[in-house]
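A short write-up of the structure that comes next.
The values are calculated or read from the model by the stated rules, or taken from the named source; none is laboratory data. Because the structure is a prediction, the values reported are computed rather than measured. Ideal geometry is used to build each Cβ from the backbone, glycine not excepted, and the neighbour counts take in all protein chains shown. Accessible surface areas use protein heavy atoms only, side chains included; no ligands, DNA or RNA. Shrake-Rupley method; radii C 1.70, N 1.55, O 1.52, S 1.80 Å.
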Amino acid sequence: MSEILEKVQTIIADKLSVNPADVTPEKSFSDDLGADSLDTAELVLDFENAFGIKMPQEEMENIITVGDAINAIEKLVAEK
Amino acid sequence: MELQRVVITGMGAVTPIGNNVDEYWAALLKGVSGVGPITHFNPEKFDTRFACEVKNLNITDFIPKKSLQRMDPCAQFAMVSTMEALQDSGLDLEQVNKERVGVIIGSGIGGFTSMMDSAIAFVESNRIPRFSPYLLIKVLGDVISGHISLKYGFEGPNYITSAACASAANAIGDAFHLLQLGKADVIITGGTEASVNETAIGGFNAMHALSTRNDDYVHASRPFDRDRDGFVMGEGAATLILERLDHALARGARIYGELCGIGMTADTYHITAPAPDGHSASASMRLAMQDGGIRPEEVDYINMHGTSTPQGDLAECIAIQNTFGDHASRLLLNSTKSMTGHLLGAGPAIDRGHPQVHPAQHRPPDHQHRASGRTHPARLELLHRRPRTTPYQHRPLQLLRVRRP
């Protein structure tokens with residue numbers, strides 16, 4: 001699953017203009033990485049495109065940290 | 001109540017012939033043409049395949065990549081020209097009362113390209129609605145001024161004006177009036193446009209408004225020339241820092257000039273064509289002079305709209321002749337659009353970005369150009385379709401004295 005982690009790191013680093021090394025699972029999108037609600041929604045769109053998944057609305061609402069996003073993506077990829 | 005006086009204390013520009021005021025000005029004096037083959041899209045199948053695009057602007061030198069994702073090029077251009085204008089004004093951003101600083105920018109269309117690109121992507125993805133949350137903040141026009149106020153924390157009046165080719169003129173007019181009334185101390189104003197895209201070129205082509213001089217595009221933008229065949233699409237932005245005179249004096253600002261009057265009218269003739277007799281253009285000039293307490297004989301120079309369309313240039317000449325009468329023959333007239341192309345809503349801002357400090361005003365008229373009789377608004381020789389004996393050439397920006405009819 002480190003492949004997912006790497007891909008997610010790259011997407012987040014690119015979108016939010018942060019260092020990929022700073023994108024670790026415990027980081028909060030809003031508090032640590034400077035994302036606002038629009039950025040988070042845009043990131044979900046990027047994840048969906050990158051992994052060929054569709055993230056349900058209720059899943060999105062639970063994503064606070066990078067780890068939350070990775071868990072949700074792993075689950076949806078496994079269900080594919 | 002006594003109206004406040006309003007002065008210009010800063011300028012910035014991003015244009016097809018220069019990405020700041022100094023570059024722009026130097027290019028104007030050299031007579032550089034900003035036109036080239038369209039690079040923003042493949043224009044192969046279009047009637048017009050050239051435009052005046054902004055060139056070599058390394059946008060990430062000005063705006064962080066993260067912010068760029070949320071900005072249409074029209075907002076990016078306005079931001080860059082505003083950064084330059086603010087720096088030029090010497091306004092101390094720590095000291096200024098930000099509740100009294102406004103931002104009013106003109107744009108004819110706003111985030112047109114972002115809108116079009118997203119619609120294309122939607123159709124190409126079999127109409128599955130996967131729109132970016134950034135989309136509407138790129139499309140809506142008001143974010144142009146919004147981005148500027150967010151960056152600097154300016155909390156005064158904040159909006160855009162849209163009035164086609166007069167958008168920026170209206171923005172400058174609104175800023176002027178608000179400052180006169182004492183509703184703000186400083187207003188960042190001007191215009192921006194970024195519509196070199198398939199929809200704009202195709203749409204204006206359908207209206208037969210654009211030049212199609214593809215085989216000689218460098219000479220396609222030729223305001224007041226007999227053989228003009230339409231305008232050349234441009235893009236870019238220009239910003240003026242307008243300020244109450246007392247505020248400018250109190251902070252020891254360098255003052256470029258005073259804005260002393262505005263006139264606004266509508267000609268009710270046709271949805272796109274100007275009234276052939278130019279009556280409303282004439283009226284707005286009279287109102288502006290009245291507002292500013294200036295007699296027609298005191299006017300030395302007019303940077304004309306001069307889009308190089310057959311109808312527009314002619315109506316404008318007639319309007320000037322009717323407004324100024326005998327004095328029309330003594331006016332210095334030209335149009336910088338021969339070099340920049342037509343920036344639509346941003347036009348009035350870039351056309352106005354310099355006359356207050358126009359070095360050419362102190363030059364003798366260009367006799368050689370006079371003798372060639374090539375650009376003669378007031379003679380109205382545009383009416384005649386006589387064959388040209390000499391090829392059209394771009395001339396450096398020098399003021400042309402118009403011969404008596």
If you take every residue apart from B:Thr113 with its C-beta less than 10 Å away from the C-beta of B:Thr113, what net charge results, scoring Lys and Arg +1 and Asp and Glu -1? -3
Whole-number accessible area per residue in Å² for segment A:2-79, which is evaluated in the context of all protein chains at 1.4 Å: 51 Å²
In what sequence, largest accessible area first, do B:Thr272, B:Thr189 appear using a 1.4 Å probe? B:Thr272, B:Thr189
Residue-ordered couplings for segment B:75-84, obtained by feeding phi - 60° into the Karplus form 6.51 cos²θ - 1.76 cosθ + 1.60 and rounding to whole Hz (Gly and Pro as x), are 6, 5, 4, 5, 5, 5, 5, 5, 4, 5
Kirkwood estimate for the protein assembly as shown, i.e. one over the average of 1/r between Cα atoms, Å: 24.3 Å
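Equivalent ellipsoid semi-axes for chain B, as square roots of 5 times the alpha carbon gyration tensor eigenvalues: give them largest first, rounded to whole Å. The partial results should precede the final answer.
Values: eigenvalues 198, 165, 68 Å².
Over the Cα atoms of chain B, the ellipsoid semi-axes are 31, 29, 18 Å.
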Which whole-number value in Å² is the accessible area per residue of chain B, probe 1.4 Å? 43 Å²
5 angstrom amide H check on B:Leu259, placed H, neighbours 5+ away: B:Val6, B:Val7, B:Ile8
Considering only the other residues whose Cβ falls under 9 Å of the Cβ of B:Leu210, what net charge follows from Lys and Arg at +1 and Asp and Glu at -1? -2
Near the amide H of B:Leu332, under 5 Å away, which other amide H atoms are found, from residues 5 or more places off or on another chain, if H is placed in the peptide plane? B:Tyr301, B:Ile302
Determine Rg/Rh for chain A; Rg is computed over alpha-carbon atoms and Rh is the Kirkwood hydrodynamic estimate from the same atoms. 0.91
Over chain B, with a Gaussian network built from C-alpha contacts below 10 Å, which listed residue (B:Ser162, B:Ser107, B:Ser195) shows the highest mean-square fluctuation? B:Ser162
Cβ-defined net charge surrounding B:Asn20, 14 Å radius [Lys, Arg +1; Asp, Glu -1]: -4
Report, to the nearest whole %, how much of the accessible area of segment A:41-80 belongs to carbon and sulfur atoms, 1.4 Å probe, protein only. 50 percent
Just how much of A:Lys75 is accessible, in Å², when a 1.4 Å probe is used and the result is rounded to the nearest 10? 90 Å²
Given backbone amide H placed at 1.01 Å from N, residues whose amide H is under 5 Å from that of B:His342, ignoring those fewer than 5 places away on the same chain, are B:Val232, B:Met233, B:Gly234
Non-local Lys pairs in segment A:2-79, i.e. 8 or more apart or on different chains, that have alpha carbons under 19 Å apart: 6
Buried accessible surface, A vs B, both sides, probe 1.4 Å, in Å² to 100, equals 1100 Å²
